[in-house]
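Data first, discussion second: the structure below is written as structure tokens.
The values are calculated or read from the model by the stated rules, or taken from the named source; none is laboratory data. Quick caveat, the model's predicted, so the values are computed rather than measured. Here the Cβ is made from the backbone with ideal geometry for all residues, glycine too, and neighbour counts use every protein chain on show. For accessibility, only protein heavy atoms count, side chains too; no ligands or nucleic acids. Shrake-Rupley method; radii C 1.70, N 1.55, O 1.52, S 1.80 Å.
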Amino acid sequence: MKSFGLAFMLLSSSAIFAQNKDAVVAAIVQEAQANSQLENYAFELVDMIGPRLVGSPQMQQAHDWVVKQYTALGADARNEPYGEWRSWERGTSTVTMTYPRIKSLEGTQLAFSPMTKEKGVEAEVVAMPLFSSQADFQSWLKTVKGKIVLIGMNPISGRSDANWKESASAQGYEKYQALKNGQLKQWELSMTYTGSTRRTLPFALETAGAVGVIDSYWTELPGLTRIFDAKSKQIPVFNIALEDYSLLHRMAVRGVKPRILLQGKSKELGTAKTYNSIAEIKGKEKPNEYVVLSAHLDSWDGASGATDNATGVITMMEAVRILRKVYPENKRTILVGNWGSEEQGLNGSSAFVEDHPDIAKNIQVVWNQDNGTGRIVRIGGSGFEKAYEYIGRWLQYLPEEFRNEIQTSFPGMPGTGGSDHSSFVQKGIPAFGLSSTSWDYGKLTWHTNRDTYDKIVFDEVKQNAIIVAVLTYLACEEPELVSREKIVLPVDKTGKQMAWPTNLQSKRTSGN
Ligand SMILES: [Zn+2]
């Protein structure tokens, strides 16, 4: 540690910064390796604060925590209000099968679902059948009064595809694939007759007199289910993971008339202000020009939002921590945006761009990270004609083993959504998503009940903090603001000239 401090003292001369970018990069790498704070940041955010649903008290705690951390790093940090949202706080939720035998089931109340009475709701469980017409659905609706309804598809196997492929005979695997695809097609057709989606269906059932709704949203890995929000107004909506869900489903279909008890003790807290947490380290030469580090702070609340997107948040925080030590004389302002309500449609980042035209016109670049814990391996040009020139040049300074893995696609295409860099791209600001290796993000952690601390791969997050720190340093040092020239977009399939996307707009209230 001591010799390390000496290295910094030697590096602190601005002459060396100017002359030897490689030395700064080396110091960034060394600081990241020697003094990483990533595990501490992750513990505090993911384990102690936990999930960060828009409008919830935990989201407010997360905002306050971010401001505290950046203040400690010597940044000017603030929570910037941009709207308000229904405030709902998760309580304990339990699901118990009470007939034909007692069993605790793995389930949870969906976000924004109405709570149950203190004693809970106990009723017979019925499974939604396949429909062959709208009339068919309408006549079934008349049978759900007083029942708890299973509305998810019950997959024919709870094993992963990889498991089938590895262990089944070739014919067995083929047969399974055919059955699986056939089931899905039938289910999707049947859903069209309901006139609802899986998120709006509970409302139709509530109107028809059901007393509870159970969904299960299997991701094709054992134990995994996606957990979003509920659209009902009166009755509780729960998610039950596949294994217990299919148990209930089989019993219901075989006429056993299973019963379950739902208890959900959430709280309605009115409305809460929504915020973006913003931290700025003023540029010493060009304080009115900005390099933006972007990662959304909010999450769904089926787990603790570890890889969506605590890893992005702590990557940016660690990058700033490193830069404060290694590059205290940042020429441009480094601005960190930890956005609110990305999950409801990039609302925080869109609001920020709308509210700060003064900042927006002077942004050098935006680095956004939001697709899991993996190391950054893809950077696209977001449709900016000259992105290849400056990003291509900056990437040369990365440690060779990082750089060799990064595939670039220039000029790329501007985003219509997906994550927060799109909010900037739509206003013509050079903003780039730093895309990670998957670590099975889609099936394992994205909006699931298992997006937890243990899924974080810290060595890879460390690598990302280094990459962000290096790219931020170089974007601060670049003599001029980079080109914002856009590509001419291609024509679409009908021969019509495609236009630069402008579909994003912040939603500043939940409308509830
Ligand atoms: Zn995300």
(request) Quick one: which residues, 5 or more positions from residue 52 or on another chain, have an amide H under 5 Å from its amide H? H modelled 1.01 Å from N in the peptide plane, none for Pro or chain starts. (result) 299
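With runs of 4+ DSSP H residues as the only contributors, calculate the mean residue ellipticity of the chain at 222 nm using -39,500 (n - 2.57) per run, divided by the residue total and rounded to the nearest 500. Intermediate results must be reported in sequence, preceding the final value.
Numbers: 17 runs with 178 residues, N = 512.
Rounded to the nearest 500, the figure is -10500 deg cm²/dmol.
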(message) So, R0 is 25 Å and r is the distance between the beta-carbons of residue 35 and residue 403; what FRET efficiency does that work out to, to 0.05?
(response) 0.60
(message) I need to check one value: relative contact order of the chain, counting alpha carbon pairs closer than 8 Å and at least 6 residues apart, in percent.
(response) 21
(request) Distance check, please: which entries in 145/185; 165/265; 185/265 exceed 32 angstrom between their Cα atoms? (result) 165/265; 185/265
(request) Measure out, as a whole number of angstrom, how far apart the alpha-carbon centroids of segment 100-120 and segment 433-512 sit. (result) 36
(message) How large is the accessible surface of residue 151 in square angstrom, using a 1.4 angstrom probe and rounding to the nearest 10?
(response) 10
(request) Treating the angle as unsigned and between 0 and 90°, give the value, to the nearest 10°, between the Cα long axis of helix 2-11 and the longest Cα principal axis of the chain. (result) 60
(request) Using only Cα atoms, tell me the angle between helix 57-72 and the longest principal axis of the chain; keep it within 0 to 90° and round to the nearest 10. (result) 10
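How many percent of the accessible area of the chain is carbon or sulfur, using a 1.4 Å probe?
53
Using a probe radius of 1.4 Å on heavy atoms only, what accessible surface per residue do you get for the chain? Whole Å² is fine. Provide the component values of the computation, followed by the final result.
Values: 21780 Å² over 512 residues.
Using a 1.4 Å probe on heavy atoms only, each residue of the chain averages 43 Å².
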(request) Mind ranking 454-466, 87-99, 230-242 by how tightly packed they are, going by the mean number of other C-beta atoms within 10 angstrom, highest first? (result) 230-242, 454-466, 87-99
(request) Using Cα positions and a limit of under 17 Å, work out the lysines in reach of residue 267, with same-chain residues fewer than 8 apart set aside. (result) 117, 119, 231, 233
(request) For the chain, find the longest principal axis of its Cα atoms and tell me its angle to the long axis of helix 458-477, 0 to 90°, nearest 10. (result) 40
(message) Using +1 at the C-beta of Lys and Arg and -1 at the C-beta of Asp and Glu, which of 62, 98, 281 has the Cα lying farthest in the positive direction of the dipole of the chain?
(response) 98
(message) Between segment 30-85 and segment 146-174, how far is it from one alpha carbon centroid to the other, in angstrom?
(response) 39
(message) I'd like the distance between the alpha-carbon centres of segment 388-418 and segment 311-333, rounded to an integer number of Å.
(response) 20
